[in-house]
1. Could you give me the residue pairs with C-beta distances under 9 Å whose first residue belongs to segment A:25-48 and is under 30 Å from residue B:109 (Cβ atoms) and within 14 Å of chain B (Cβ to nearest Cβ), whose second residue is surrounded by 14 or more Cβ atoms within 10 Å (Cβ to Cβ) and polar (S, T, N, Q) wherever it lies, and which are 6+ apart or on separate chains?
2. Looking only at residues in segment B:24-56 that are of a type in the set (D, E, K, R) and within 10 Å of another protein chain (Cβ to nearest Cβ), which one is surrounded by the most Cβ atoms within 10 Å (Cβ to Cβ)?
3. State all residues of segment B:125-154 that are under 24 Å from residue B:26 (Cβ atoms) and surrounded by fewer than 16 Cβ atoms within 10 Å (Cβ to Cβ); if no residue qualifies, say none.
4. Considering each of A:22, A:70 in turn, give the residue that is closer than 27 Å to residue B:105 by Cα and crowded, with 23+ Cβ neighbours inside 10 Å.
5. Checking residue A:55 against (1) under 20 Å from residue A:99 (Cβ atoms); (2) modelled with pLDDT of 90 or more, which single condition isn't satisfied?
6. If the requirement is being under 14 Å from residue B:7 (Cβ atoms) and either within 14 Å of another protein chain (Cβ to nearest Cβ) or touching a helix residue (DSSP H, G or I) at 6+ places or on another chain (Cβ under 7 Å) (or both), which of these qualifies: B:62, B:96, B:138?
7. Working only within segment A:43-73, note down all residues that are hydroxyl-bearing (Ser, Thr, Tyr) and under 24 Å from residue A:123 (Cα atoms).
8. Looking only at segment A:55-97, which residues are within 14 Å of chain B (Cβ to nearest Cβ) and closer than 19 Å to residue A:31 by Cβ?
Amino acid sequence: MSDEAGSGPGQARAIVVGHGEFAGGLVSAVGQICGMADKLVVLSMMGMTPESIESTIREQLAQTGAHVIFTDLPAGSATIAARRIVKDTPGLVLVSGVNLATLLDFVFSSDASPTDAARAAAERGKASLIVVGR
Amino acid sequence: MGIHLYRIDDRLIHGQVVVGWGQPLNIGLLVLVDDLVASSDWEKELYRMAVPPEMEVRFVDVATGIRDHAKYAADPRPGLVLTGDISSMYRLVKGVKAIGSVNLGGIHHRAGRAEKLRYIYLTPDEEQQLRELEAAGVEVTAQDVPSARAVPLPEVLQGAAR
C-alpha cells in the first residue's frame, strides 16, 4: 500500500494530542531516542473548548496531510474530538492510549501506509506493557 | 449514598471527571444532563465509550433530570451529576430545589466570554445566572480537580484568583 501522507524527511504522518504536556513529552522522547520527532505534530489542548480542540486537530490534519491521531486516554476530550473527526473522515485512524513504544514503532514504519503503521504500532505498544516482580 | 458532586464542564465526560473526581469519590453513577446528547444515539455512544466499566452512565435531558433526581440521590452508589453549560445546571437546580452546591469545573473561552480563572470564562448572562443560584442559597465554587482550592463565586467573578 502506498504511503498517502508521504514519509520523506520532515513530513509529519501523525498528530499526537493529550493532557498537560503529555504529547510534547512523548514526542521529545521520540526525538531523543531516534531523531524522528518531525514525523509527529504535537498538540496541547489545555484551556480549550471541545469545539476548539476539534477545529485545531482538523486544521493540523489539513495542513500536514497526516492520517493518524494518537491520544492519551480513551476518556479524554481530545479522544472525543478525534472520534468526531474520524466519523466523517475516511482513511483517518485514531489510536488512544498511546505510549512511547507505540510512537517509536510508528515512526520507523515508513514502508507501511500510515493507517497500517498505526495499527501495527498499537499492537507493539500493548506488548510493551509488562509487569515485573512478585 | 447520594449525589457527591454537581459539576458544570463543557468537555462533558473526560479525564478530570471520570478519573480526577470519579476515583477519589468512588463514583458509581454518572448522570449527564444534556438535552443535545440525550437526543442523539451517536452522541450517547461517543460518551459511553469514555466511561470506565465500574461506572454506570445515564444520559438524560434537563426535564428528565429534574423528574428523576430523587432516584439518583437514593441510589446506593455515590453519584455525580454533570452538565455541559451553566443554563442546564441553572434549570436543573431551579427544578429540583434540593441541590446545595455546584462545582464549576471547566467553562472555556468562547466569543462574548471574559476570563475569570484559567479554566472559567463567563458571559454577563452566565455570571448573572450563577449570582442567582448563590442568592438562592446554592454554594457555587470553582475547582477543576479535587487537589485544587475551591474558589468561592465572588472571588471567581472578581477574576482575583487568575
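1. A:45/A:52; A:45/A:56; A:45/A:77; A:48/A:56; A:48/A:77
2. First, pick out the residues of segment B:24-56 that are of a type in the set (D, E, K, R): B:34-35, B:41, B:43-45, B:48, B:54, B:56.
Within this subset, residues satisfying the condition of being within 10 Å of another protein chain (Cβ to nearest Cβ) are B:43, B:45.
Details: B:43: 18, B:45: 11.
Looking at the filtered set, the residue picked out is B:43.
3. Of everything in segment B:125-154, those that are under 24 Å from residue B:26 (Cβ atoms) and surrounded by fewer than 16 Cβ atoms within 10 Å (Cβ to Cβ) turn out to be B:139, B:145, B:146, B:147, B:148, B:149, B:150.
4. Unique residue meeting the criteria: A:70.
5. (1)
6. Numbers: B:62 fails: under 14 Å from residue B:7 (Cβ atoms); B:96 fails: under 14 Å from residue B:7 (Cβ atoms).
Answer to the check: B:138.
7. Keep residues of segment A:43-73 that are hydroxyl-bearing (Ser, Thr, Tyr), which gives A:44, A:49, A:52, A:55-56, A:64, A:71.
Residue satisfying the conditions is A:71 alone.
8. If the condition is that a residue be within 14 Å of chain B (Cβ to nearest Cβ) and closer than 19 Å to residue A:31 by Cβ, then A:72 is the only one that fits.
The values are calculated or read from the model by the stated rules, or taken from the named source; none is laboratory data. Not measured: the values here are computed from a predicted model. Using ideal geometry, Cβ is built from the backbone for each residue, glycine included, and neighbour counts are taken over all protein chains shown.
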